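Below is one structure, written out as structure tokens; the observations come after it.
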Amino acid sequence: LMWSDPEAWDLLLTKFSDTTINYLKAQIDAGVQAVQLFDSWVGYVAPRDYERSVLKHTKRVIDEVKAHGDKVVPDGGVPVIHFPNGATSMLDLAQKAGGDVIGVDWRLDIGKACEQIDPKFGIQGNIGQLGPVQGIFGSRNVFGLVSLIAGVTFIVEASVKSVRRGVGIGSIALA
């Protein structure tokens, strides 16, 4: 659709964007302290296609949600986390979409993320590699739990050593 009927694609993404904007604004009105735009499929889009066919929609969502958060919470707004899952080849474009924090997944070394992402953004994520760690360090029994803690400690320490700038937000997800 993105290539075969760009007008229909644009209309579809406009409808998705409108719905997402309304939902995130409602979350802000309900009192959330941060919102996240989790773009789970963006890593499957080539950078040129993202720039041509997706970026303007993502940017619109982030800009409108950010403006609403600033209006509702005048003393600092509501932080917007932009998580372009799998977008390691186009973090430059993800930054053009905006937000306060850029989320990165486990595929990108956190040190490299710090090199590629402008310091004006916070960085979230990258330490959620516990699925592989569980496989390496054992099951969920008591001995597995001790090994899992050792694995988590290893990942967190390695991530902290890779980071050369201020505080970030870490994410850990058990598989």
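The values are calculated or read from the model by the stated rules, or taken from the named source; none is laboratory data. Predicted model only: the values in this text are computed from it and were never measured. Accessible surface areas use protein heavy atoms only, side chains included; no ligands, DNA or RNA. Shrake-Rupley method; radii C 1.70, N 1.55, O 1.52, S 1.80 Å.
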The range 1-137: translational diffusion in µm²/s, Stokes-Einstein, Kirkwood Rh over Cα pairs, 20 °C, 1.002 mPa s: 135 µm²/s
With DNA, RNA and ligands ignored, accessible area of Phe16 (1.4 Å probe; Å², nearest 10): 120 Å²
